[in-house]
Amino acid sequence: METTSATLLGRVRDVRDGDAWREFFALYFPLIRKYARARGLHADDAEEVAQECMKLLAQHMRRFRYSPNRGRFRGYLRTLVQHQIASLWRRKRPRQARAGDFEAWAAAPAPDAPWERLWLREHLVYCVARLELRCADHTVQAFRLYVLQDWPVERVCETLGLSANQVYLAKTRMIRRLREEVTQLVGDVL
Amino acid sequence: MEDCLNRDQLERYARGQLDRTTVRHLKGHLASCARCKTAYDVLRRENKFAAGVKGILAASDSSPTQTETPRAFGGGAPTSTDISLLADESATIRTGPRERFPEIEGYQIKRVVGRGGMGVVYEAVQQKLNRPVALKFLPALVSSAHPELVTRFKREAAAAARLHHTNIIPIYDFGESPDGYYYAMELISGQPLSAVIKRLAGMDIHLATSGSLAAILTEPDVFTRTGAGNGTAAGEPPSTVSGSSTGAKGRVYYRQAARWMADAAEALHYAHLQGMIHRDIKPGNLMLCTDGRIMILDFGLVKTTDEHSVTATGSLVGTYRYMSPEQVGAKRITLDSRTDVYSLGATMYELLTFQPALPATEQSELLSQILFKEPTPPRKVIPSVPVDLQTICLKAMEKSPSARYQTAKAMATDLNSYLQDLAIVARRPSFVRRTGKFVRRRRLEAITALALVFLAVAALLGWRYNMETRRREIDGLVKGGVEHWQQYEWTAAERDFQQALRSDPHDYRVLVNFANMCGDQYLVQKDRALLRKEEELLNRAIQVAPRRKEAWNARGVLYQVWLRPADAITAFEKVIALDPNYYAAWVNLGTTQAVQRDLAEAERCLLRGTECVGDKAEGVPPEARPYHVMAWRRLAAVQIYLGRSEAEHSLAVARRLSDSKDPPTLVLSAVYQLAQPGEAEATEAVDLAVSAAVVSQPSGTEGRDGDQSLPRAKRAVALGALRLRQWERAARAAEEALAAKDEPSYAHLVLAVAAGQRGDLVAAREHLRTAETTWPDELRHAPFHATDDGKSLWFDTAAELEALQAEARRLVGDASTQP
């Protein structure tokens, strides 16, 4: 179930694959930053945590061995982020957070709901964005308007100059591919 | 089959866009047509997935920011900065615009002044007294989820409330309301030292030249003026700092920093005396108030000595960067107040250098640095840091607790000495090990006393056993052993003791005397195996009679010789616990403290020692008298160094008890006279020193009993003669001191001055140069060096040497040579 795209992680290990890194960055940078915000950090600090984590990831991904049975990238990343948040608290806000509080927080019962939610959402966002790049424009638009925005089919047809069947086809195609992507990246969660 | 549904109908059916009759018709068909049923199921799954996606992305579609849309994907991907999705969990910690203040009876909350993970700090007014307070609040939301936080919160309040000190933030009140737990404390205005350090560091002063550094640091307003004058807890830093130059080399700043640290150390010591260890001392927890006071905040991690359950002994709480090695390394080690000394030292380091003592940024690296890396001396970072402050700082930050200041008070004392321009007590770290050669010799005297005591006891012990014969045999062996030992006939002595142990392996007297002999043998033969042997014998003795003081005392002496002063101190304290009136333990403890440079403690212990001894010669057996003299003499040495007038009395008693025939006492008396101004005193000093030299045994036995009286007497004669402007005599005495193996730099400086005064500039330069090359290592970086040669405690001071050096340089008209 938990299978962060082995392909993406695998590609990122190859440092020469700049695109892979950009994709990786585009996915995980916002995720970390939002999580940090959700953990009570101010925008600047959240940004800093995300930067720091990406820096470390850049160093560590080379050595990260993806193994579906052994470690999970999701858990690995969460630990990394938590450490960075804790260290930022210690560094920048000595009067606002104590290591002890962090401990209590870190020891808080798993699963970490905000993390799980953000994890799923950001991967979904990433998948949608990826699909949109690879699919024909009208397919994407039809999907957006008809599925995501709940427009009546007539209005979609009128706006995009498509037949109803084309809209339905776009919907089916997009959903099928999205499901594939999401399942591959985060598992069969929907 | 022509009834079959098309995609459009299915889509509309799923969306509920069809009228009732059509729906009924469709339902009927779906129930009967497997093909349409399958198509519909596929669609339903599709829609379910789509609904899931939509639900997750819902908040995202309203995203206002384009900046975080991944560029690589051409924009338009639904993203969001909205974190309301997650607000449920973190609302209590985050700043929110529509925040509701909790309601607490008796208080009116005005605004938020700070936040921690554990709660919020509000500025509030205590209505009954109409006084402004800072209210620390733990929301019920948080506390219900983490009951352990409540315990900690309450403990923090209770601990802090027990402390009443100018430099510890006072707690007024605490309690609980339906909204959560709270406690009220004084509302102080100011800024934490971390902010001060940050601001100074931001000025790049560590990169600046000493001149510009001074300009910034000596701006007096910088540290007393804070932006917020209206009673806010976290004052705003002043926006600009002018660079007008006053004072020299940041001296004003460093004095200020020393004052803050001294106050903080005093306050900590107070808390320690109440049985509380702060455990989280760091710049962020030291508040610089607008009135210039330093305040210790957050006794949140405080562990009281009577309460162990809440914070597990070795658990990692506190801020790593300022944690002591034992704190980060602790498994089940009980932390004591010395951990706070370390943290205060680490804080001081940052005040001195504006950068952390240990540079690691990674946690794991930091932990290893805390455990193993010595901090870069502050003067290597900023050369204008005063030497004394560097010494104090590094001593506080010693890795081993026993090498640090043993109390925060001792650190405060040194800081205050610096502030009063007195010599400081701390020694440079590398110094501890080197003093060994002096310490080693001190032992014979103490041991001899023990041997005598045990011979006396032996007879008494004999009665308590039925096996008279064996007793007598053992008595004989002990007596023989001690006699051989006194003659340095180790093999014979060992044979006797071993034989005695064969008769009775649990004989306390034999074990202790044998152990002491090993200690003495070590002094001569320098074989460490002997120390281990001594330790083993003493451990056996302690097992046999754990409540008898002699073995414990011997163990203290052993550890002193073994350069394990902390263990030595523990042992002597054990002796004192067993017998608070046993003078030897007090004198030994005081001596160890002095060599450890805790002069305040040393003086206290030696005073106790002399109290136990008394100042009467009557009724004291002649063989015990030298030890009584020794007690008074050691006290006198400390008192002379500390400039106490009581030294005169102590010396008088020592002279009376020794019939003025004790060379070390005479030498000390001479030193005391030399420390007084005036020609009569100098004459007196020379007379005393001359008589000391006369009664001193000639050198040659030096290696055996370590008496340094002769060279020191010669040195005193030379110094006194110099004061009396008797150059010839001074030069002659200096030569004799050299011959007697005194510290050569003194003699050469005396020779240089004497030669200079007589106009022999060539010889003067030559001696000056020699003096500078033979300058004692111990005094290059420390103001004094305390040694114990077995007879007396002795202080060599840098000030004395430097004064002579300056005089010599003046005479040869040459200031270019460097020590």
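Give, in nm to one decimal, the length gained when the segment between B:Arg131 and B:Asp336 is fully stretched (0.36 nm per residue of separation minus the Cα-Cα distance).
70.1 nm
I need the calculated FRET efficiency for the pair B:Arg259 and B:Lys54, taking r as the beta carbon distance and R₀ as 51 Å, to the nearest 0.05.
0.20
Leaving out same-chain residues fewer than 8 places away, which lysines sit with a Cα under 20 Å from that of B:Lys154?
Within the straight-line limit of under 20 Å, B:Lys154 reaches these lysines: B:Lys136, B:Lys303.
Quick one: grab the alpha carbon gyration tensor of the range A:135-190, order the square roots of its eigenvalues as a ≥ b ≥ c, and give me rounded if a/c is under 1.5, else prolate or oblate depending on whether a/b is larger than b/c.
It comes out prolate by the Cα gyration axes.
Given axes a ≥ b ≥ c from the Cα gyration tensor, I'd like to know whether the range B:7-58 is rounded (a/c under 1.5), prolate (a/b larger than b/c) or oblate.
Oblate, because a/c is 1.5 or more while a/b does not exceed b/c.
What does the extension gain come out to for B:Val524 and B:Arg45, with contour length at 0.36 nm per residue minus their alpha carbon separation?
163.1 nm
Between B:Ala806 and B:Thr570, what's the calculated FRET efficiency when r is the beta-carbon distance and R0 is 45 Å? Round to 0.05.
With R0 = 45 Å, the Cβ-Cβ based efficiency is 0.55.
With r defined as the distance between the Cβ atoms of A:Glu154 and A:Glu116 and R0 fixed at 60 Å, what FRET efficiency is calculated, to the nearest 0.05?
With R0 = 60 Å, the Cβ-Cβ based efficiency is 0.95.
Mark the label point 7 Å from the Cα of B:Glu648 along Cα→Cβ and return the residues of the range B:706-727 whose backbone N is within less than 12 Å of it.
none
Here, each number is a calculation from the coordinates, and none is a lab measurement. Small disclaimer: the values here were computed from a predicted structure and weren't measured. So basically every Cβ, Gly included, is an ideal-geometry build from the backbone, and we count neighbours across all protein chains shown.
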